[in-house]
Amino acid sequence: MHLSYLTILTALFFHLEANKTAVGRLPKWLVPLSYRVDIVTRINQPYQPFGGTVVIDLRSERSTKKIVLNSHDLAIGKRRAVTLSAKNGNSVPVSSIEMDIKLSRLTVSLKRPLKVNVTYSMRVAFTSVLRSDHTGFYSSNYVDHNTTLTQWLAATQFEPNHAREAFPCFDDPIFRTPFKINLAHPYLYRALSNMPVQRTIRHASLKDYVWTQFVESHPMQTYLVAFVISKFDRPGFTSSERSDCPIRTWARPDALSQTEFANMVVAPLLSFYEDLFNSTYRQKKIDLVALPDFTFKSKENWGLPAFAEESILYDSQRSSIDDQQGVARAVAMMVVNQWFGNLVSVAWWHEIWLKNVFALYLSRFGVHSLRPEWDYQERHALQLYLSVLDYDAHVNTDLVTASVPDESHIWAAYNEIGERKAAVLFEMLHRVMGEEAWLTALRRYLVVYANRTATSSDFWDLLQLQVDRNGRLGKGLNITGIMKCWLGQPGYPLVTVTRNYEDRTAIVSQQRFFITPQFRNRWARSPCWWVPLSYTCPSCQHSEIISFSRWLTCPISKPSSKSNTVILGKLEAEPEDWILFNVQHTAPFRVNYDLRNWQLLNKTLADPNKFRLIHRVNRAQLVDDLFSLAWSGDIEYDMALGILGYLEHEDEFVVWAATEISFERINNVAKRNSNYLIFKTFMRLLLERQFKRVLSSDLTSSSGNMTHRPVIIRLACEYELPACVSLARREFIKGTPEKGGWMTIQERETVVCTAVKFGTEGDRDTVESMYKRSNFAAEKESLLTALACSRNVFALQRVLIWTFESSGVRKQNARRTFKAVVSNSMGYRLAKKYVSVNMQNIRNYCSNSTDKVVNLMTPLIECLSTPKELLYFSKFFKEILRDMNGSERLIKILLERGNDNIHWQRTKFRPMLQAIRNIILWRSRTKRILK
């Protein structure tokens, strides 16, 4: 399951608000053996009631007179609602039924104790109504554009502990049990579940209702049970590539055509991972279903994986390449979870990150196998690495692992950034161990723990077994110790390399990196990490020397004290060679060098004929390190911007993608400053040559080295390079955005944005008409984001209203449009005012999820630049969010970003402007000399 992390906490917070009493888990000695679930769902009636019975075969390993299981928001009668009998037919009288609403527990007290290891059958009758919070058994709706009618559907979302909201059960991941699902529903609706349909028969007493009965499932946890009742009357596409496992895709009728790509990639991905894991997928069918307003991005239910529409729908004419890659990634993650998560599962929620990280990391290899030309494996790895370094450079950051002593703390285990960090660490282990050892350990893990639960420690032990055999780690190093230091403490190191050029040695040391240096001295102890050292240089054999036998290590006796310094001798780098550490992000850390090494790197980067001697991924790392080290004050802006001048001839997408993120951070703070024009002039100079290359190329083709073209056009128009503005206006007048023409989806949005910004009211009206006519969600979001570029306050007000008060924008993507308004210099104060007036409505829009509200508000803080604004938001958020669970921690994280902006503007903005002036002056003098 892959969360839209902004929404998962919605249900958890409300569900756990009444569940604050610390409570242990269900007793392990009372074991469910099988379930039969019969549910009648009146989806077409007011209040949408449902009800039925669950029959649970169970066995007790102790003599007991109480059966305790989970139930939440289910009505269970006091008399005859629960019956119990032994398999030999003898009934066991029930003395009382007690429902603990706070603990979501149903306790059935018996008149005589259960016998040890005797199988009993317990029947529980229950009723309820479909929920509206997208958890448990819930209802949702959509507008069928073919008929313009609103249609209702019922679906399930049981992870982490919401199966109890659909039927009484032992709702704990430790239990694996077969399920026999039978669903009664109006005959005009279709029911889907984990297993194939066994038969469909008329309901005996309800007119126009039928029973859809499903084959009994293999043993699985309650959170993997799934069913959907909808008017999805036929699948969009059916793949027969696997004769023993038909693959179908389901969606609302007017979106069926957009499911073709997702359906097409499932079978190849299954085959790829079967080969990779040396394990056969044995399920009888796969029904992929796209659900409107699904809480998660995807959910890996066995046989019935569910997806948010944005994660699985793709249209080749209106979706971007990023959208297509997103669909491939979502399907690949679902497929990986069939092994890591379903076949081998977690024992408790504190390690839910483990199955999600397996999917996040291993999915890149499957996507790469589908479309090698995407370079997805490289790009995805770099994207995760850079996002982790950005987030984890602050004081207020989360650990990968979280304590979940009881169900009231489950929400703490879901941490998207933590999972990204763990995925980066998985890549580190993969590279350190080598392909053969890593793959052998993965396969062994699946064999040893198949149809069982496993922990991260179990995985570390199997990895250790393999590295002990190949000896690649060296003596005294172990996987458990290495991972403990990375997973158990926040942040990451800044590694400093100081070379001795005469004797070819280097002193390498570490300290925790903070993006804002004022926090560096607040830590009494310096944390320590086990860091694998890899480096490359022009004279190095194969351009890369990976010295995994040399590590930055931590003292065993005092793991929190300052780490030892490592002296690397016999470096292959010549005195006139540059040296570069952390080759293609071996591990998550930044690197700073002595001045001479920076100068040597600059000399190579500045040469248009030699800069490619440094791999493009390493160039992206260098760019990101330079920006961050200058922001933190570890290096001066004169040097950083001087080296970054080489970007005039950089032509790789991965480098420009990293550059764009870093420039955005500066631009957010600088754009409302009176000296902003100096920074904008520098950006124009930097982009001018690149943009001329774009214009001189064949615009109808984005092949070859022009993969960075959308980024260049976006930046050039954002910083109002005259040639880019002219191009955008010209293409808009020609009608290119509507026709498509030479533009990619991203370039189309840039052109429309620029036309709205610099065009007439008629141009803006044209875009608004395009927005209103479109019935394709991705296109509507793109057009609305472009409308946020307007310099008309009333137009921006309409964008905010359309974002939060209409159905045109999916809630998962509202942040993108809101960020576009906030990033507009005319829109920041307007957005701030809108939030102040409509905060309660926004909370409702976000289903009162703290995570979602805070994430939506983040752009306001990212563009914050004055102490007055920080004070305002500090008071505002603490007041408006004070009653929301987890708000204190999230507000700290949010406001720290605002503090970073203010500190940088106070201490670094002027030095950066002076560095820019020096560069511009030097360029003008050089031009005069050349003339």
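Going residue by residue through the range 272-292, is there one that turns out to be out of contact with any strand residue (DSSP E or B) (no Cβ under 6 Å at 6 or more places or on another chain), buried (at least 24 other Cβ atoms within 10 Å of the Cβ) and farther than 25 Å from Ser782 by Cβ? Checked against the condition, which is being out of contact with any strand residue (DSSP E or B) (no Cβ under 6 Å at 6 or more places or on another chain), buried (at least 24 other Cβ atoms within 10 Å of the Cβ) and farther than 25 Å from Ser782 by Cβ, the range 272-292 yields no hits at all. When restricted to residues that are aliphatic (A, V, I, L, M) and surrounded by fewer than 23 Cβ atoms within 10 Å (Cβ to Cβ), the range 174-183 contains 1. Within the range 859-885, being assigned to a helix (DSSP H, G or I) and either among the hydroxyl-bearing types (Ser, Thr, Tyr) or in contact (Cβ under 8 Å) with a residue 24 or more places away in the chain (or both) holds for Pro859, Leu860, Ile861, Glu862, Pro867, Glu869, Leu870, Tyr872, Phe873, Ser874, Phe876, Ile880.
For the subset of the range 841-858 comprising residues that are polar (S, T, N, Q) and either at pLDDT 85 or above or within 12 Å of Phe877 (Cβ to Cβ) (or both), which member is surrounded by the fewest Cβ atoms within 10 Å (Cβ to Cβ)? In this case the residue turns out to be Asn841.
Yes or no, residue by residue, for (1) hydrophobic (A, V, I, L, M, F, W, C); (2) part of a strand (DSSP E or B); (3) farther than 23 Å from Phe179 by Cα; (4) outside the structural domain of Leu183 (by TED's automatic domain parsing):
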residue	(1), (2), (3), (4)
Asn44	no, no, yes, no
Tyr47	no, no, yes, no
Thr53	no, yes, no, no
Arg59	no, yes, no, no
Val68	yes, yes, no, no
Lys78	no, no, yes, no
Thr83	no, yes, no, no
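If a residue must be within 27 Å of the chain's Cα centre (by Cα) and closer than 30 Å to Thr565 by Cβ, how many such residues does the range 449-480 contain? Going through the range 449-480 one residue at a time, the tally reaches 4. Scanning the range 202-239 for residues that are assigned to a strand (DSSP E or B) and more than 21 Å from Phe167 (Cβ to Cβ) yields Arg202, Phe237, Thr238, Ser239.
Looking across the range 313-336, the residues that are at pLDDT below 90 and part of a helix (DSSP H, G or I) come down to Ile321, Asp322, Asp323.
The single residue among Asp406, Asp390, Asp398 that is at pLDDT below 85, under 30 Å from His903 (Cα atoms) and not hydroxyl-bearing (Ser, Thr, Tyr) turns out to be Asp398. Residues in the range 532-558 that are surrounded by fewer than 17 Cβ atoms within 10 Å (Cβ to Cβ), farther than 18 Å from Arg472 by Cβ and either at pLDDT below 85 or within 31 Å of the chain's Cα centre (by Cα) (or both): Gln541, Ser543, Pro555, Ile556, Ser557, Lys558. Against the numbered list (1) more than 25 Å from Leu74 (Cα to Cα); (2) under 27 Å from the mean Cα position of the chain (by Cα); (3) among the acidic types (Asp, Glu), Asp233 comes up short only at (2).
For the residues Asn592, Asn609, Asn602, Asn582, the requirement of being at positive phi and of a type in the set (S, T, N, Q) singles out Asn582. Filtered by the rule that a residue be in contact (Cβ under 8 Å) with a residue 60 or more places away in the chain and closer than 18 Å to Phe50 by Cβ, the range 138-150 gives Ser139, Ser140, Asn141. For the range 260-303, the set of residues classified as touching a Lys or Arg at 6+ places or on another chain (Cβ under 8 Å) and either without any contact (Cβ under 8 Å) to a residue 24 or more places away in the chain or farther than 18 Å from Gln324 by Cα (or both) consists of Leu270, Phe277, Asn278, Ser279, Lys285, Ile286, Asp287, Pro292, Asp293, Gly303, listed by residue number.
Taking the criterion of being of a type in the set (Phe, Trp, Tyr) and within 19 Å of Phe358 (Cα to Cα), the residues of the range 247-289 that qualify are Phe272, Tyr273, Phe277, Tyr281.
Taking helices (runs of 4 or more DSSP H) that fall entirely within the range 705-793, which contain at least 3 residues that are at pLDDT 85 or above? Please lay out each step first, then the result.
On the way: elements: 709-718, 722-734, 736-739, 745-758, 761-773, 777-787.
Output list reads 709-718, 722-734, 745-758, 761-773, 777-787.
Taking the range 820-842 as the range and being without any contact (Cβ under 8 Å) to a residue 12 or more places away in the chain and of a type in the set (D, E, K, R) as the test, the residues that pass are Arg829, Lys833. Between Ser121, Ser104, Ser132, Ser109, the distinction of being farther than 23 Å from Trp29 by Cα and among the hydroxyl-bearing types (Ser, Thr, Tyr) belongs to Ser132 only. For the range 77-94, a residue qualifies if it is more than 18 Å from Ala125 (Cβ to Cβ) and either of a type in the set (Gly, Ala, Ser) or loosely packed, with under 11 Cβ neighbours inside 10 Å (or both), and the qualifying residues are Ala86, Asn88, Gly89, Asn90. Which residue out of Thr295, Thr280 is hydroxyl-bearing (Ser, Thr, Tyr), under 29 Å from Asp133 (Cα atoms) and not assigned by TED's automatic domain parsing to the domain that holds Ser139? The match here is Thr295. Scanning the range 104-128 for residues that are crowded, with 18+ Cβ neighbours inside 10 Å and either closer than 30 Å to Ala308 by Cα or β-branched (Val, Ile, Thr) (or both) yields a total of 5.
Of the helices (runs of 4 or more DSSP H) entirely within the range 604-676, those holding at least 3 residues that are under 25 Å from the mean Cα position of the chain (by Cα) and at pLDDT below 95 occupy 653-670.
Per the listing Leu685, Leu695, the residue uniquely out of contact with any Asp or Glu (no Cβ under 8 Å at 6 or more places or on another chain), among the aliphatic types (A, V, I, L, M) and without any contact (Cβ under 8 Å) to a residue 60 or more places away in the chain is Leu695. For the range 443-492, a residue qualifies if it is among the aromatic types (Phe, Trp, Tyr) and either on the phi > 0 side of the Ramachandran plot or surrounded by fewer than 19 Cβ atoms within 10 Å (Cβ to Cβ) (or both), and exactly one does: Tyr449.
The values are calculated or read from the model by the stated rules, or taken from the named source; none is laboratory data. The shown structure was predicted, so the numbers you read here are calculated from the model rather than taken from an experiment. Note that we place each Cβ from the backbone using ideal geometry, even for glycine, and neighbour counts take in every protein chain shown.
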